[in-house]
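The values are calculated or read from the model by the stated rules, or taken from the named source; none is laboratory data. What you see is a predicted model; the values in this text were computed from it and never measured. In this analysis, Cβ positions are derived from the backbone assuming ideal geometry, glycine residues included, and neighbour counts consider all displayed protein chains. These accessible areas exclude ligands, DNA and RNA; they are computed on the full protein's heavy atoms, side chains included. Shrake-Rupley method; radii C 1.70, N 1.55, O 1.52, S 1.80 Å.
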Amino acid sequence: MITYNEVFAYQHLYECGKECLKGVLWKSSVQTYRLGMLNQCSILHNQLMNRKYKSDGFKRFTINERGKTRLIQSVTIAERTVQKTLCKYALKPLLTPSLIYDNGASLEGKGTDFAIRRFKKHLTWHYRRYGLQGGILICDFHDYFHSIDHNILLEMLRKKIKDDDIYNLTKYFIECFKEGGLGLGSEISQICAIYYPNKMDHTIKEKYHIHGYARYMDDFYVISEDIEKLKEVYEYIKEVSKELHLTLNEKHTKIYRFDKHPTFTFLKNRTRLMPSGKIIIKLTKKNVKSKRHWVKKQKKLLDEDIIDYPYVENSMNTWLGYALKHKGSYNTINDFEKYYNEIFGEEIMLQKEISKDLKRNNQLHIEEIKMLERIGNAINESYIRENNKLNTVIKSVQQCKEVSR
């Protein structure tokens, strides 16, 4: 059994503290924490061992992601350390073994790329056996994180967590969200949200024998050769949603027949299963439109000297790397790149000139280093020759002395 004292060993706190620093070292508060991390981990360890640890509270702010405003409730770096230790050494080892393989969010080795690969694999598996027979049920929970019921979640966790101290600390972190539900920005929220509908996942896979089922947090799909079976599964999902106090998003929940060649959306990707079995995945229009607004906004910030062009270029390359995975969006990406080049034409030319200057300077620097190496080698060879001559003279003198004796 996993025990509280084992989980919150000082070494675990220190290792998780170092992991929490990644990607946020530009923050002054994190830099301060890093300087005194040994002492900070010691303080956290004493508080935890004495069962007197208290949360530092949340920092609340909103972000706009893919056209949707989200409330983020972030925690301090010290609290992140404690939560990561709890998740890494207690919650994940206890909860993840019971998850289905196709539960693809927020776990090591998984993510959106994993979910899309499994989605394509399930479609291919279905087509090879049943062709265009049957269809797909696409579902989405509305306001998922804020709808999670604390009492139901804690009852689920109590069955898995045998150590009372681990359970009480987990319960404390969950109940810190006083408005109900779970907040975005907390690692405990992520692992609990993955686990919450786990019973539904197993029932669909094992009772209804659905091979083509996967869930990515609040988005999931069911693929079957029988439309009536999909309707039956849909009724079950509505029942279990009521039990879990969740609400299905009726706008995004629908059964699509493959023989009608529909376009359905999963994880913000438009997908079609063609009569030939080819799977076409494209970016959604909303995704491209929001990125166009982003380009205009970045241009305005650049003109006001709030950001510099390399920052914009890095962000753009990141998005293009994601977009290029959608083979069906070739023309869309080309049009978008033309639009981007029109907006940032001057900055791109300037960046190219800077790159050329840097290359020239680097080339001159390389030539200087080579010249210095040649001079050094020549001096070294000269020194070796002179040294050999001196050794020869010394040997001759010694031989003369021996002869005179």
Only one of (1) open to solvent by 100 Å² or more (accessible area, probe 1.4 Å); (2) modelled with pLDDT of 75 or more fails for I375. Which number is that?
-> (1)
Can you run down the residue pairs with Cβ atoms below 9 Å, 6 or more apart or on separate chains, where the first is in region 319-346 and modelled with pLDDT under 80 and small (G, A, S) and the partner is part of a helix (DSSP H, G or I) and open to solvent by 50 Å² or more (accessible area, probe 1.4 Å)?
-> A323/T332
Complete set of residues in region 144-183 that are within 22 Å of K59 (Cβ to Cβ) and touching a strand residue (DSSP E or B) at 6+ places or on another chain (Cβ under 8 Å) | F145, F177, G183
How many residues are open to solvent by 70 Å² or more (accessible area, probe 1.4 Å), part of a loop (DSSP other than H, G, I, E, B) and hydroxyl-bearing (S, T, Y) if we restrict to region 265-320?
-> 1
Within the set of pairs 6 or more residues apart or between chains, which connect a residue that is over 18 Å from K278 (Cβ atoms) and polar (S, T, N, Q) inside region 100-123 to a residue that is open to solvent by 70 Å² or more (accessible area, probe 1.4 Å) and assigned to a helix (DSSP H, G or I) with Cβ atoms less than 9 Å apart?
-> T112/Y322
Within region 265-292, can you find the residues that are over 20 Å from I333 (Cα atoms) and without any contact (Cβ under 8 Å) to a residue 40 or more places away in the chain?
-> M274, S276, K278
With the first residue restricted to region 40-63 and required to be open to solvent by less than 40 Å² (accessible area, probe 1.4 Å), and the second required to be aromatic (F, W, Y), Cβ contacts under 6 Å at 6 or more apart or on different chains are C41/Y14; L48/F8
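State whether the residues of region 351-366 include one that is part of a helix (DSSP H, G or I) and modelled with pLDDT of 75 or more. Talk me through it step by step, then tell me what you get.
Filtering region 351-366 down to residues part of a helix (DSSP H, G or I) leaves 351-366.
From what is left, the residues that are modelled with pLDDT of 75 or more are none.
Checked against the condition, which is being part of a helix (DSSP H, G or I) and modelled with pLDDT of 75 or more, region 351-366 yields no hits at all.
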